[in-house]
Every structure is written in C-alpha cells, then in structure tokens.
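**Student:** Below you'll find the structure I mean.
Computed from the coordinates by the stated procedures, all read-outs in this text should not be read as laboratory data. Note that the structure is predicted; figures quoted are calculated from it, not measured. Ideal geometry is used to build each Cβ from the backbone, glycine not excepted, and the neighbour counts take in all protein chains shown.
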C-alpha cells in the first residue's frame with residue numbers, strides 16, 4: 001500500500017472549501033428514548049452542536065444537570081440529536097441572537113421540553 005501525500009495546492013484547496021462551507025444556525029433537541037425526556041437548545045453552528053453536547057456528556061461535564069444525570073443512568077445509546085429548525089440564510093447577522101432565543105422559547109413550549117443553556 002502506497003502512502004500518498006497531498007500537495008500544498010490540494011491542502012490549500014481543502015482549507016478554502018472548509019472555510020467557505022455553509023454553517024447553519026438553529027434549534028435542536030436532545031431526546032432521551034428511555035423516558036421520553038426532551039431538552040431543546042440553539043446553536044450558531046448546528047453541525048458542531050451535537051459534537052460539543054456529546055463530548056461534554058461523555059466527560060461528565062454537561063452544564064445541564066438533568067441531562068447529564070439521565071445520560072449517566074441510561075447511557076449514550078438512549079439519546080438522539082435532532083435538528084428542529086434552521087434559520088434562513090438571509091437572516092441579518094445582528095438578528096441571529098434574537099432569532100435563536102425566539103426559536104428556543106417556541107420549541108421549549110411546543111415540545112414541553114427543558115431548555116439547554
């Protein structure tokens with residue numbers, strides 16, 4: 001098996017594509033399948049939100065004690081991550097924070113969920 005090194009041009013192109021990717025902001029839910037509990041959060045980068053949430057849960061350092069407690073009892077396999085809604089791409093950058101707060105409040109009320117920080 002031959003190990004192929006990428007050229008500098010290939011690495012630069014990959015970096016450019018990574019920087020230009022679309023990052024979606026919006027609301028998400030963490031659902032406990034064992035007891036049906038739901039927690040709702042919002043993030044400017046939904047792609048990174050699951051990784052950050054799962055990492056802190058695995059490290060036993062999540063800031064929401066009810067979620068961490070349920071995770072510790074039921075285990076990782078008993079939880080799912082679901083994107084509930086994304087903000088429009090044309091949302092003005094100055095309106096993103098307020099829009100995310102509104103999404104969170106609406107989804108917490110709609111699902112009868114607990115809010116994530």
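**Student:** Out of 42, 83, which single residue is touching a residue at least 40 places away in the same chain (Cβ under 8 Å), under 25 Å from residue 102 (Cβ atoms) and surrounded by fewer than 16 Cβ atoms within 10 Å (Cβ to Cβ)?
**Tutor:** Answer to the selection: 83.
**Student:** Also, quick follow-up: Just a yes or no: is a residue in region 61-73 out of contact with any helix residue (DSSP H, G or I) (no Cβ under 8 Å at 6 or more places or on another chain) and under 20 Å from residue 22 (Cα atoms)?
**Tutor:** There is no residue in region 61-73 that is out of contact with any helix residue (DSSP H, G or I) (no Cβ under 8 Å at 6 or more places or on another chain) and under 20 Å from residue 22 (Cα atoms).
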